[in-house]
Amino acid sequence: MLRNLWYKSAIIYQLDVRTFFDSDGNGWGDFQGLIEKLDYISGLGATCIWLKPFNPSPHRDDGYDISDYYAVDPHVGTLGDLADFLEEAASRGLAVITELVVNHTSTEHPWFVEAARSRDSELRDLYIWRDEPPPDGESPERIVFDGDDRSVWTKDDRTGQYYLHRFYPFEPDLDSAHPFLRSEIEKMILYYLKLGSAGFRIDAAPYLAEKASAAPEYDDAHDYLRDLRSFLTERRPDAAFMAEADVEPEKLDDFFGEGDEMNLMLNFLASEYIWLGLAQGSAVPLRELCDVLPRPPHSGQYANFLRNHDELDLEMLDEQDRRLVFETFAPHDDMRIFGRGIRRRAAPMLNGDPRRIRLAHSLLFSMPGTPIIYYGDEIGMGEDLSLWERRPVRLPMQWGPETNGGFSTATGDALYHPPLADGEFGYAEVNVADQRGDPDSLLNWMRHLVTTRKEAHAVGHGEWHVIDTGSDAVLGLHYDNNQEVVIVFHNLSDEASSVTFTPETELAYLYEMFADDQYGHPETEEHQFKINRLGYRWLRGRTA
Ligand code: BGC
């Protein structure tokens, strides 16, 4: 049993078992391979793994197109291997968050196969059908991937009706107002809790909630999420939901509810603003972010990330800001996707510049919330833009300089995704083995960053506010939790900057925990210091 609110001080490591480590040479990462690498994850200092879907799937959407919720994809192991993995993770103190992808199934899921068979099928209403799609502009449903598949309605010739799919046509939307589905969702939660999940990432949470609100017992879209949460909490009080809800800031509050809905909210807004701040070389966007982000209730927390397995979505930025982020970090067309996103990894976006990569991660770890490391970002992995859609950022983990970066002994098409062999970010240049032994490597720096964040408990648990640094380039954040005080500075600009620092309360002591340079012993009185270009400084103290 984990301590309640454990997720507020967690360090989350996000990975896909298929791209982590292949133990049997079939070209796909697998659970036994992941078990072999658990010591690496725990050595990095992570305390939680967010595991992408591992169920049977046709893999047209890298496993988010699920065809059986209660089984394990045979390429990656058996149910026994999953249980083994969950046990091995627990024995290292690692919590595991699995996914609840119930906005849709794959078209190959037996539910859809049966529902699509005939208009009279008993499971027909598990999905959403219409005789005609609503006329253009009148559909309330918006398409998420506005690439080739522009409509959210696809005609199924077997019955002549159209089915709804917010995502790809091979991912028909389930109707969460349907009692059968809701009862299945509860069974899925129970099933994975029994196996050892510490929580669930709720895929496409707003759609799931909105559709459920049509059920007679619900008044609004959040009733269902509240119900689900009480179901979860009654079964396992320390389990957590982490929601994917890329919504406007004013709607985020509703997902936390009164502490009775989502525990963690993936912070899409923060990722956009961090990248905007980096593009502008200014702390101003991040100060704005801190103003607009609703404060979660005590049991709620943001889950912050720089990058994940999807595109970096820039939808919330205004036209001018979006253009700047595109021009700075994705100058070529093939780096962009869906007209609003970037399909690149953090390290190449930052030109592989160690100072910028460190600044960005330090900033991420200092933001109010729980940080997520996207696997491979701790060594500065790159992308392969020749691949389809979001696949460029889903390459096999680079363990060493040997063939396939040590990921697998398979060759050619047998490999789930091709390892990145060439170039500045290829496995010969960027890999765990080489970085382990190098005291100046990104990997060893990341370990230090993770330790620092763990020593700054107030960042996950305390009260916080933005402090005046006297410089637009420098973000200053102040955290306190009981008497513990953590103060963090980040200079986003390319020029050194002078910082004026005025402690707000009398401090018994203050010391430097982590910084890009030796800034010396910090004074507890008002003083000034000069922070390097792209510099960072973490201080810790205690109120007198
Ligand atoms: C996942 C995507 C996926 C989509 C549809 C999202 O939440 O993050 O990778 O394509 O759901 O399943």
Among the residues of the stretch 201-222, are any of a type in the set (Lys, Arg) and out of contact with any Leu (no Cβ under 9 Å at 6 or more places or on another chain)?
no
Give the residues of the stretch 70-114 that are farther than 24 Å from residue 232 by Cβ, within 24 Å of the chain's Cα centre (by Cα) and within 16 Å of the ligand (Cβ to nearest atom), sorted by residue number.
73, 106
Number of positions in the stretch 88-100 that are surrounded by fewer than 22 Cβ atoms within 10 Å (Cβ to Cβ) and under 24 Å from residue 186 (Cβ atoms)
2
Residues of the stretch 22-69 classified as within 25 Å of residue 449 (Cα to Cα) and more than 21 Å from the chain's Cα centre (by Cα), total
3
So, in the stretch 129-145, exactly how many residues are within 16 Å of the ligand (Cβ to nearest atom) and modelled with pLDDT of 95 or more?
0
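Would you pick out the residues in the stretch 312-337 that are within 15 Å of the ligand (Cβ to nearest atom), within 17 Å of residue 274 (Cβ to Cβ) and surrounded by 21 or more Cβ atoms within 10 Å (Cβ to Cβ)? Let's see the steps before the verdict.
Keep residues of the stretch 312-337 that are within 15 Å of the ligand (Cβ to nearest atom), which gives 312-313, 315, 337.
Narrowing the set further to residues that are within 17 Å of residue 274 (Cβ to Cβ) leaves 312-313, 315.
Answer for the stretch 312-337, where residues must be within 15 Å of the ligand (Cβ to nearest atom), within 17 Å of residue 274 (Cβ to Cβ) and surrounded by 21 or more Cβ atoms within 10 Å (Cβ to Cβ): just 312.
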Need the failing condition index for residue 340 against (1) within 28 Å of residue 536 (Cα to Cα); (2) in contact (Cβ under 8 Å) with a residue 12 or more places away in the chain; (3) of a type in the set (Lys, Arg); (4) surrounded by fewer than 22 Cβ atoms within 10 Å (Cβ to Cβ), just the number.
(1)
Of the conditions (1) aliphatic (A, V, I, L, M); (2) within 20 Å of residue 354 (Cα to Cα); (3) touching a residue at least 24 places away in the same chain (Cβ under 8 Å), residue 507 satisfies every one except a single condition; which number is it?
(2)
Output yes when any residue across the stretch 378-386 is at pLDDT 95 or above, closer than 28 Å to residue 290 by Cα and surrounded by 24 or more Cβ atoms within 10 Å (Cβ to Cβ), and no when none is.
yes
Would you pick out the residues in the stretch 205-243 that are surrounded by fewer than 17 Cβ atoms within 10 Å (Cβ to Cβ), in a helix (DSSP H, G or I) and touching a residue at least 40 places away in the same chain (Cβ under 8 Å)?
231, 235
Do we find a residue being surrounded by fewer than 23 Cβ atoms within 10 Å (Cβ to Cβ), on the phi > 0 side of the Ramachandran plot and touching a His at 6+ places or on another chain (Cβ under 9 Å) anywhere in the stretch 66-85?
no
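The values are calculated or read from the model by the stated rules, or taken from the named source; none is laboratory data. What you see is a predicted model, and the numbers here were worked out from it, not measured in a lab. So basically every Cβ, Gly included, is an ideal-geometry build from the backbone, and we count neighbours across all protein chains shown.
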